[in-house]
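Chemist: Structure provided below as structure tokens; questions to follow.
The values are calculated or read from the model by the stated rules, or taken from the named source; none is laboratory data. The model shown is predicted, which means the values in this text are computed figures rather than measured ones. Every residue, glycine as well, gets a Cβ built from its backbone with ideal geometry; the counts of neighbours run over all protein chains shown.
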Amino acid sequence: MVNNFSGTFVGINPERMAEIEGLLTFKEAEIKVDVGNTISVTIDFITSPGCILLCGDKQDVERDCVTIHSMADLFIIRKCRKQSL
């Protein structure tokens, strides 16, 4: 899983998660961040908010991977506000 925004993790978009769970190659998902915690931009495995296990033929896995990575609204995040001094 890849996250492109920093802020407070509010949850997973249930419609998007249902789409993922309906993919041909979907096996399981693990979310590593708890609701209410800070979530950062993904830069490596350590900052990844979770993982999705896909299993099947190479072309099916690649297609489903592209589908998942195109879901910009998978994570519901309350973005951090900049504070002025």
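Chemist: Which members of region 20-31 meet the condition of being free of Cβ contacts under 8 Å to residues at least 40 places away in the same chain and surrounded by 14 or more Cβ atoms within 10 Å (Cβ to Cβ)?
Modeler: Result: 25, 26, 29, 31.
Chemist: Here is a list: 1, 17. Which entry is surrounded by 16 or more Cβ atoms within 10 Å (Cβ to Cβ) and at pLDDT below 95?
Modeler: 1
Chemist: Going by the conditions given, is residue 9 in contact with an Asp or Glu (Cβ under 9 Å, 6 or more places away or on another chain) and surrounded by 15 or more Cβ atoms within 10 Å (Cβ to Cβ)?
Modeler: For residue 9, the condition - in contact with an Asp or Glu (Cβ under 9 Å, 6 or more places away or on another chain) and surrounded by 15 or more Cβ atoms within 10 Å (Cβ to Cβ) - is met.
Chemist: Hey, among the residues in region 24-33 that are in contact with a strand residue (DSSP E or B) (Cβ under 7 Å, 6 or more places away or on another chain) and not β-branched (Val, Ile, Thr), which one's nearest to residue 60 (Cα to Cα)?
Modeler: 26
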